[in-house]
1. Can you find, among M54, Y69, A85, the residue farthest towards the positive end of the dipole of segment 44-85? Put +1 on the C-beta of Lys and Arg, -1 on that of Asp and Glu.
2. Taking Rh as the Kirkwood radius, which is the inverse of the mean 1/r over Cα pairs, what is the Rg/Rh value for segment 44-85?
3. Take K105, K45 and order them by how many other Cβ atoms sit within 10 Å, fewest up front.
4. Provide the FRET efficiency to the nearest 0.05 for the R86-K160 pair, computing r from the beta carbons and using R0 = 41 Å.
5. What length, rounded to one decimal in nm, is gained on full extension from R110 through to T123, with 0.36 nm per residue of separation minus their alpha-carbon distance?
6. For segment 135-186, just say rounded, prolate or oblate: build the C-alpha gyration tensor, square-root its eigenvalues into a ≥ b ≥ c, call rounded for a/c under 1.5, and beyond that prolate if a/b exceeds b/c, oblate if not.
7. Amide H neighbours of I89 under 5 Å, counting only residues 5+ apart in sequence or on other chains, H built in-plane at 1.01 Å?
8. Eigenvalues of the Cα gyration tensor times 5, then square-rooted: what semi-axes does that give for segment 96-186, in whole angstrom, largest first?
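Readers should treat all values here as calculations from the given coordinates under stated rules, not as data from a laboratory. What you are looking at is a predicted structure, and each value in this text was computed from that prediction instead of being measured. In this analysis, Cβ positions are derived from the backbone assuming ideal geometry, glycine residues included, and neighbour counts consider all displayed protein chains.
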Amino acid sequence: MSGWRRPDPARGLPQQPEDEAGRAPTDDLAEAAPGRRTRPEPSLKGRALRLLSMREHSRLELERKLSQYETHEGELAEALDVLTARGFISDERVADSLLHRRSAKLGASRIKAELQAKGLDETVVREAVEQLRGTELERAREVWRRKFGQPPADASERAKQMRFLAARGFSGETARRVIAGADDEV
């Protein structure tokens, strides 16, 4: 038999001090269930670090996600400034991470839109898109091959394949070249 025993409610809990109005204190420990401790609310910096430990986030993404926890005006900006100065927030790493995750499935225009939606600096976005331009046709061919694998049988099938590639951010010219070259590959 172990030395642990369930708390006995009949023995009672220690009395909590009361304020002038007769209310118990409202700290986290007073509101916890008997025998349980609660953790204090994490700071904005702590919340940001937790998010950054999962994946790279841009400053704008962190502002969107953490603004609801800001208690004083300017507190969030100050915390994010500290994290940026220490190198925890980096536009270049966000762009590289997104390119690594999404470039095999998406075209340059779609990736550019996603990078801009993250609020990244325009020069970082431009450099990232330039990296993709050289492999655009190869990536479009691979995406097309995985989805369809054979040339379109008629005009409606051709339009469907063109729409598919366009929806993934490949240019119309790239989609035409992929579908026109489909006869050669198969």
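1. Towards the positive end, the residue furthest out is M54.
2. Details: Rg = 9.3 Å, Rh = 10.2 Å.
Ratio value, two decimals: 0.91.
3. K105, K45
4. Details: r = 49 Å, r/R0 = 1.21.
Here the calculated transfer efficiency is 0.25.
5. Full-extension gain reported as 3.0 nm.
6. Judged from the Cα gyration tensor, segment 135-186 comes out oblate (a/c at least 1.5, b/c at or above a/b).
7. Amide H neighbours of I89: T84.
8. Ellipsoid semi-axes (Å, largest first): 27, 12, 10.
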